[in-house]
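Working notes for the structure below.
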Amino acid sequence: MLRRREGLLALAALWFAAPGRAAATALIQLFGKPAARVDRVFAAGPPAAVLLYVLAPERLLGWPMNLSDSARALLAAPARDRPVLGRLAGRGSTVGVEVLLKLQPDLILDAGTVDATYVSGAQRVAEQTGLPYALVDGRLADSAQQLREVGALLGVGTRAETLAVYAEQSLGVAAAARGASTAAWPGVYLARGADGLETALAGSINAEIIEAAGGRNVASVGRGGISRVSMEQVLAWAPDWIVTQDRGFFLQARTDALWSALAAVRDGRVLLAPDQPFGWIDGPPGLNRLLGVRWLAAHLHAGQAGGFDAVAEAQRFYRLFYGVQPAREALQAMLDGRG
């Protein structure tokens, strides 16, 4: 009864906040009016799937992306066994109106970048299907507010508050470690892919964790998006740190003649961020980064971060957000590139 009352109050606030079809709180734009009880939710993209999973995994109809067996092993039932339905939002959309009409979710949930393209897309889908669509601004800095607002929308406010407090603490610890002055922030290169020559440009949601942890994204050619770069560019940028989620690149870069030309490689400042079940840095750019931002800040600003036990914190995060608790040995193996 309490969950139903929370949901009704939240929906009323969302629906009557503005006179048009799209009502908005600070982070949610809502197209269409959901039912009082929202039990079946279609996640439009990976960030939304993570957001829904950590708040109410039983509501998730299916995953918008493929998950490896090792990733599913780090998720709790019943969401662990949900099928891959495909994604609706962004590049590589595979879900059409027919699929949505067949599934008949109580709500379509999307999270991540919010711009005119995403807003018009959400409105169009809501009008074509008659299904309510919630579009959530997914910036890392707003993680706590995302949790509270979507938690209220789903009627799981108590759960949302617990996670929101962790989000505030995690971002607060990172902020304290990085300090107020950007002058001393080290240059960081985010190496994506097997060869490390794909990166997220400054201003991209995929790279915002770098600045949140107190790093300066050296890939400042243009603003936003994912881009291929050359080895010559990376050498010219001369990053102080290299961060990757690709285990193959992490193992190869340390012995590669070209990459070894960088001081970051020669001096052992190449970091491997785990990517299971979701990436600590990216993949997707969702709430999964709340663990990675503390881990990265602890490396970039070791003198200010104090003692940070990455494995112990990962166990806490996985238990709280994912509902599982991997063994210390398994987490340490991921960090070392052994598993």
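Quick look at the values:
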{"quantity": "Members of segment 77-98 that are of a type in the set (A, V, I, L, M) and either loosely packed, with under 14 Cβ neighbours inside 10 Å or under 21 Å from Val114 (Cβ atoms) (or both)", "calculated": "Ala77, Val84, Leu88, Ala89, Val95, Val97"}
{"quantity": "From the options Thr199, Thr117, Thr182, residue that is surrounded by fewer than 19 Cβ atoms within 10 Å (Cβ to Cβ) and either aromatic (Phe, Trp, Tyr) or closer than 30 Å to Ile242 by Cβ (or both)", "calculated": "Thr182"}
{"quantity": "Which listed residue is buried (at least 24 other Cβ atoms within 10 Å of the Cβ) and under 28 Å from Arg87 (Cα atoms), from Leu287, Leu296, Leu272", "calculated": "Leu287"}
{"quantity": "Unmet requirement for Arg178, which otherwise passes all of (1) in contact with a Ser or Thr (Cβ under 8 Å, 6 or more places away or on another chain); (2) touching a residue at least 60 places away in the same chain (Cβ under 8 Å)", "calculated": "(1)"}
{"quantity": "Qualifying residue in segment 323-337 (condition: under 25 Å from Ala202 (Cα atoms) and either assigned to a loop (DSSP other than H, G, I, E, B) or touching a Lys or Arg at 6+ places or on another chain (Cβ under 9 Å) (or both))", "calculated": "no"}
{"quantity": "Among (1) among the acidic types (Asp, Glu); (2) modelled with pLDDT under 95; (3) surrounded by 15 or more Cβ atoms within 10 Å (Cβ to Cβ), the one test that Asp309 misses", "calculated": "(3)"}
{"quantity": "Matching strands (runs of 3 or more DSSP E) fully within segment 1-100 where at least 1 residues are closer than 21 Å to Thr129 by Cβ and at pLDDT 95 or above", "calculated": "28-31, 41-43"}
{"quantity": "Those residues of segment 120-136 which are under 24 Å from the mean Cα position of the chain (by Cα) and surrounded by fewer than 21 Cβ atoms within 10 Å (Cβ to Cβ), in sequence order", "calculated": "Ser120, Gly121, Gln123"}
{"quantity": "Condition broken by Val97, with the remaining ones in (1) free of Cβ contacts under 8 Å to residues at least 60 places away in the same chain; (2) closer than 18 Å to Leu147 by Cα; (3) not basic (Lys, Arg) satisfied", "calculated": "(2)"}
{"quantity": "Residue satisfying condition, being part of a helix (DSSP H, G or I), closer than 18 Å to Arg40 by Cβ and either touching a Pro at 6+ places or on another chain (Cβ under 7 Å) or polar (S, T, N, Q) (or both), within set Ala126, Ala111", "calculated": "Ala126"}
{"quantity": "Subset of segment 202-223 that is surrounded by fewer than 22 Cβ atoms within 10 Å (Cβ to Cβ) and over 18 Å from the mean Cα position of the chain (by Cα) - its residue that is modelled with the highest pLDDT", "calculated": "Arg216"}
{"quantity": "Of all residues in segment 224-249 being crowded, with 17+ Cβ neighbours inside 10 Å and not hydrophobic (A, V, I, L, M, F, W, C), the one that is nearest to Asp336 (Cα to Cα)", "calculated": "Arg247"}
{"quantity": "Of all residues making up segment 250-265, the number that are farther than 17 Å from Asp336 by Cα and touching a Ser or Thr at 6+ places or on another chain (Cβ under 7 Å)", "calculated": "0"}
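The values are calculated or read from the model by the stated rules, or taken from the named source; none is laboratory data. Quick caveat: nothing in here was measured; it's all calculated off a predicted structure. No Cβ is skipped: glycine too gets one built from the backbone with ideal geometry, and neighbour counts run over all protein chains shown.
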